[in-house]
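Visitor: Quick one: structure below, then a few questions.
The values are calculated or read from the model by the stated rules, or taken from the named source; none is laboratory data. Just so you know, these numbers come straight off a predicted model, no measurement behind them. All Cβ positions, even for glycine, are placed from backbone atoms using ideal geometry, and neighbour counts span all protein chains on display. We work out accessible area using only protein heavy atoms, side chains counted, and drop any ligands, DNA or RNA first. Shrake-Rupley method; radii C 1.70, N 1.55, O 1.52, S 1.80 Å.
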Amino acid sequence: MRSTLKLMLFIAIVAISVSCASKRDKEINNITKIEKQLENEGAKPDPAKLTALLDAYVAFVDNNSQDSSAPAYLYKAVNLCVGMGNGDKAMELIDRTINDFQKSEYLPETVFLKAYVYENLLSNLGQASEVYHDFLKKYPEHDLADDAEAALKYLGMSPEELVKEFEANAA
């Protein structure tokens, strides 16, 4: 009786593991399918497919937050929001990354994107400046440090002012 109970428990654990893995695999396959469809569309992607991809990325992270792929899919979701010009959703996902995936290899880039979103999508130059400075304190040797310094230098300048600045530096 006891060995039968152990066997049934083992079978149940295996069945649950297989069903979870297959759900995860289905989500990854769906993401891959949408990504390929969008690649084939070129420069004018279907907005509905972009939204479907964003939803798929976020659903994967929601359903598989402990999976090693979750930070990568969340980072892709952030970049997709930035590309779509959806600053509010990008900021929501950026904050989720910073709070829930503090050891993510994408954390420095995500912090930089937070400043970028404040600057370019939410027009909050004060917050952008603060986050760029925080980025430089935390990641002074990062590849994006030069970009953060340049962003701070030119923060708030109009296109005309930027042209004058570049012309003055070129002379």
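Visitor: Taking amide H positions as placed 1.01 Å from N in the peptide plane, with prolines and chain starts having none, which residues 5 or more places from L122, or on another chain, fall under 5 Å of its amide H?
Guide: none
Visitor: Using +1 at the C-beta of Lys and Arg and -1 at the C-beta of Asp and Glu, which of F135, L152, A170 has the Cα lying farthest in the positive direction of the dipole of the range 13-171?
Guide: F135
Visitor: Want the number for L38 to R24: 0.36 nm per residue separation, take away the alpha-carbon distance, what's left?
Guide: Contour length minus Cα-Cα distance gives 2.9 nm.
Visitor: Looking at N120, T51, A70, which one has the Cα that reaches farthest to the positive end of the dipole of the chain (charges on Cβ: Lys, Arg +1; Asp, Glu -1)?
Guide: Farthest towards the positive pole: A70.
Visitor: What ³J(HN,Hα) values, in whole Hz, does the Karplus curve 6.51 cos²θ - 1.76 cosθ + 1.60 give for the range 116-123 when θ = phi - 60°, with x put for Gly and Pro?
Guide: So the J values, rounded to whole Hz, are 4, 5, 4, 6, 9, 10, 10, 6.
Visitor: Just to confirm, what accessible area per residue do you get for the range 80-171 at 1.4 Å probe, in whole Å²?
Guide: On the way: 5500 Å² over 92 residues.
Accessible area per residue: 60 Å².
Visitor: I've got another one for you. Let me know the charge dipole size of the chain about its Cα centre in debye, to the nearest 20, where only the beta-carbon of Lys, Arg (+1) and Asp, Glu (-1) is charged.
Guide: It works out to roughly 1240 debye.
Visitor: Still on this structure, please answer the following. On the protein heavy atoms, probe 1.4 angstrom, tell me the percent of accessible surface of the range 74-171 carried by carbon and sulfur. Each step should come with its number before you reach the end.
Guide: Values: 2710 of 5700 Å².
Using a 1.4 Å probe with all protein chains present, the range 74-171 comes out at 48 percent carbon and sulfur.
Visitor: Give me the number: length gained by fully extending L155 to K103, i.e. 0.36 nm times residue separation minus the C-alpha to C-alpha distance, one decimal in nm.
Guide: 15.8 nm
Visitor: Working from Cα positions, state the angle (0 to 90°, nearest 10) between the long axis of helix 87-100 and the longest principal axis of the chain.
Guide: Rounded to the nearest ten degrees, it is 60.
Visitor: So, one more: About the Cα centre, and with charges only on the beta carbon of Lys, Arg (+1) and Asp, Glu (-1), how big is the dipole of the range 82-147? Nearest 20 debye, please.
Guide: 180
Visitor: What's the angle, to the nearest 10 degrees (0 to 90), between helix 47-63's Cα axis and the longest principal axis of the chain?
Guide: 60
Visitor: Scan [x] 10, 38, 40, 11, 2; [y] 9, 33, 33, 18, 6, 1; [z] 9, 28, 27, 19, 9, 5, 2, 1, 0 for the value of P(r) over Cα pairs in 10 Å bins from 0, in percent calculated from this model and give just the label.
Guide: Working out P(r) over Cα pairs in 10 Å bins from 0, in percent from the coordinates points to [z].
Visitor: Can you tell me which lysines have their Cα less than 26 Å from the Cα of K26? Leave out same-chain residues fewer than eight positions away.
Guide: By straight Cα distance, K26 reaches K36, K49, K76, K89.
Visitor: Excluding residues fewer than 8 places away in the same chain, name every one of the lysines whose C-alpha is closer than 22 Å to that of K138.
Guide: K103, K114, K153
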